[in-house]
Amino acid sequence: MALPHTPESNPIDYIDEEDFIALEIPHDVDGERLDKILAAALPDYSRNRLKAWVEAGAVTVDGKVTKSRHLLRGGESIKVFPQEMPEQFAFGPENIPLDIVYEDESLIVINKPPGLVVHPAAGNWTGTLLNALLYHYPELKHLPRAGIVHRLDKDTSGLMVVARTGIAQTALVRQLQERTVGRRYLAWVWGEAPSQGKVLATVGRDQRDRLRMAAGSSQGKPAATLFRRLAKGHFLTSPVALLECRLETGRTHQIRVHLESLGFPLLGDPVYRKRTPGAAKSLPFERQALHAYALSLQHPSSLETMTWFRLPPADLHGLLAQVAMTESDLPQEAALLASIQNDHR
């Protein structure tokens, strides 16, 4: 039964009180689902919000908590206790420590730890890098996304740049669009990876699994990843390689998807695991072995090319011995700077 919405014909009368909304259900409303009644009676609230309130126990029918699909018989008294939704707190400051690599009046460079989500979203409304930035740099509340111009996956560690002014944000976004920001990653992969290579394959949402991205998708966007092998190793009898990856584009999960498409999935990756050897079950490493170790860009104000370098965090250092590699296999800052200078010639 469709419920009319005009005031003179609406069979449900509700009173907005201080702590709750009271709904008196007429006796001729029989067999209607609670969620439909709520949606018709409270059009100012979305169906998803009303459903969340029901599931949170913030809606009672004759004093009892029930489910969204509960069938009404007519004559019930319903109370709705409006709840603040988590997204209302998403852009609040939180005292979360940050590893600041560099800062000036235009930008901030951060070494993001694994496990830190960059931007609030469903399932992670608080405890993000954005929340931390708003605490340590309150002025960022005036900028879109608190100055964030690019992201790293939650469990990827490494360097990120954040703008401190609108002018700097515009300049950094333009550099990202023009592909002039240098981003280099260290990736530990399974398999006999070649000495170097380049992956040219679109990256788009996997049509069979919306939580994954897919390489070669007809609906994807062009993406390019260059890589070179820095070291070889092994875990048990399975070969492992340490790769340096350079991004020419910045698609979601790009390195993880591209390398898996070649048959070289990242160690520890919980999502992209095709052709992962059986030995992976014995490796005590539970995040994708990926670290953004170098970042270079043109400073928005001085126009100087600047480069920052950070070796991997402790968990990846600990991984080295497990896969028969050593600290000497990691890139050195002097060699990196020389390589970047050569790129800009």
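Within region 294-341, the only residue that satisfies the criterion of being without any contact (Cβ under 8 Å) to a residue 12 or more places away in the chain, in a loop (DSSP other than H, G, I, E, B) and among the hydrophobic types (A, V, I, L, M, F, W, C) is LEU303.
Before we move on, is GLY127 over 24 Å from LEU211 (Cβ atoms) and modelled with pLDDT under 95? Criteria not met by GLY127. Being out of contact with any strand residue (DSSP E or B) (no Cβ under 6 Å at 6 or more places or on another chain) and aromatic (Phe, Trp, Tyr): is that true of TYR293 here? In short, no.
Among the residues of region 22-43 satisfying the criterion of being open to solvent by less than 60 Å² (accessible area, probe 1.4 Å) and at pLDDT below 85, which is farthest from the chain's Cα centre (by Cα)?
Here the answer is VAL29.
Scan region 98-129 for residues that are free of Cβ contacts under 8 Å to residues at least 40 places away in the same chain, under 14 Å from MET160 (Cβ atoms) and hydrophobic (A, V, I, L, M, F, W, C) and the total you get is 5.
Results for (1) touching a Pro at 6+ places or on another chain (Cβ under 7 Å); (2) modelled with pLDDT of 90 or more, shown as yes or no for each residue.
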| position | (1), (2) |
| --- | --- |
| PRO82 | no, no |
| ILE100 | no, yes |
| SER106 | yes, yes |
| ALA122 | no, no |
| HIS136 | no, yes |
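The set of residues in region 224-248 that are open to solvent by less than 10 Å² (accessible area, probe 1.4 Å) and within 24 Å of the chain's Cα centre (by Cα) comprises ALA224, THR225, LEU243, GLU244, CYS245.
Here is a yes/no grid of residues against (1) surrounded by fewer than 23 Cβ atoms within 10 Å (Cβ to Cβ); (2) over 18 Å from the mean Cα position of the chain (by Cα):
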residue	(1), (2)
PRO138	yes, yes
LEU143	yes, yes
VAL161	no, no
GLY197	yes, yes
ASP206	yes, no
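Examine region 268-276 for a residue that is under 21 Å from the mean Cα position of the chain (by Cα), of a type in the set (A, V, I, L, M) and over 26 Å from ALA171 (Cβ atoms), and state whether such a residue exists. For region 268-276, residues under 21 Å from the mean Cα position of the chain (by Cα), of a type in the set (A, V, I, L, M) and over 26 Å from ALA171 (Cβ atoms): present.
Checking HIS291 against (1) touching a residue at least 60 places away in the same chain (Cβ under 8 Å); (2) closer than 29 Å to VAL162 by Cα; (3) of a type outside the set (Val, Ile, Thr); (4) open to solvent by 20 Å² or more (accessible area, probe 1.4 Å): exactly one of these is not met. Which one? For HIS291, the exception is condition (4). The set of residues from region 163-192 being of a type in the set (Lys, Arg) and surrounded by 19 or more Cβ atoms within 10 Å (Cβ to Cβ) comprises ARG164, ARG183, ARG184.
Each residue in region 44-61 was checked for being surrounded by fewer than 17 Cβ atoms within 10 Å (Cβ to Cβ) and in a strand (DSSP E or B), and 0 of them qualify.
The values are calculated or read from the model by the stated rules, or taken from the named source; none is laboratory data. Remember, predicted model here, so these are calculated numbers, not experimental data. Methodologically, a virtual Cβ is constructed for each residue, glycine included, from the backbone with ideal geometry; neighbour enumeration extends over all protein chains shown. Areas reflect the complete protein model, heavy atoms only, side chains present, ligands, DNA and RNA absent. Shrake-Rupley method; radii C 1.70, N 1.55, O 1.52, S 1.80 Å.
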